[in-house]
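*Asks:* Just passing along the structure, written as structure tokens.
The values are calculated or read from the model by the stated rules, or taken from the named source; none is laboratory data. Bear in mind that the values here come from a model prediction, so they are computed numbers and not experimental data. We place every Cβ from the backbone using ideal geometry, glycine too, and count neighbours over all the protein chains shown.
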């Protein structure tokens, strides 16, 4: 079957134009259905790692401004000193990290790594006042600040006017709820035989307490700077390497670009690492940041 008519000499000019038009439109008709066909192989989609079963979302690591925070599994024995701040109306009515609605008049607070629901004794080291809060949010993500109080709790500690205060936070021991055994009343208990003596009931041994973790021990680094160029990061890393320090250059995405931050190992002790961070700030490194790895 012929798609185009045969053009002979002497035919009208309109027939010639029709033939030329068919030649132009032929590729379009042949490929008009190509766009509807699905590719043979679906494009590869990179998915996030599977969540570990049994771990609440609030206990999983999270990233804020390029820094990864690792919530600790237990608050038993936790004690820390630092700066407390508070947050109020701009966040009042918003959802907190554990799904609750933030109430600036409630007895709650935010912490970076403590488990949700942890009860804390917060003591103002400047005036001696103290109060008890419950952790239901994450923060504050500001250097040296360890806890964000609700407006009510900040007022109790006399923090509202100044905005911040030196505090000590102490985790309160968890109280285990004792279950009461139910008594069955459907059938009477069988009568005892006089000749048979029942063995003495064995007293259950107390469960061993979990060892209190030492939160002062770990691998602590001080971030000395973040650079867009790897050569600049290597130049600064060499300075601290000459001083005998272990240095790590870590690449991480931020603000749509890849940055290179220089991490200098400070100490295995959190207390000593904080002292080293303070020394570096006094030496002119204004934007140091203490990290745990």
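*Asks:* State all residues of the stretch 145-160 that are assigned to a loop (DSSP other than H, G, I, E, B) and surrounded by fewer than 19 Cβ atoms within 10 Å (Cβ to Cβ); if no residue qualifies, say none.
*Replies:* Answer for the stretch 145-160, where residues must be assigned to a loop (DSSP other than H, G, I, E, B) and surrounded by fewer than 19 Cβ atoms within 10 Å (Cβ to Cβ): 158, 160.
Here's the yes/no breakdown for (1) modelled with pLDDT of 85 or more; (2) part of a loop (DSSP other than H, G, I, E, B); (3) not assigned by TED's automatic domain parsing to the domain that holds residue 82:
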residue: 180; (1), (2), (3): no, yes, yes
residue: 185; (1), (2), (3): no, yes, yes
residue: 193; (1), (2), (3): no, yes, yes
residue: 206; (1), (2), (3): no, yes, yes
residue: 209; (1), (2), (3): no, yes, yes
residue: 245; (1), (2), (3): yes, yes, yes
residue: 265; (1), (2), (3): yes, no, yes
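*Asks:* On the basis of being crowded, with 18+ Cβ neighbours inside 10 Å and either modelled with pLDDT under 80 or farther than 20 Å from residue 68 by Cα (or both), does residue 223 make the cut?
*Replies:* no
*Asks:* What's the total number of residues in the stretch 93-144 that are in a loop (DSSP other than H, G, I, E, B), over 20 Å from residue 56 (Cα atoms) and touching a residue at least 40 places away in the same chain (Cβ under 8 Å)?
*Replies:* Selection size over the stretch 93-144: 12.
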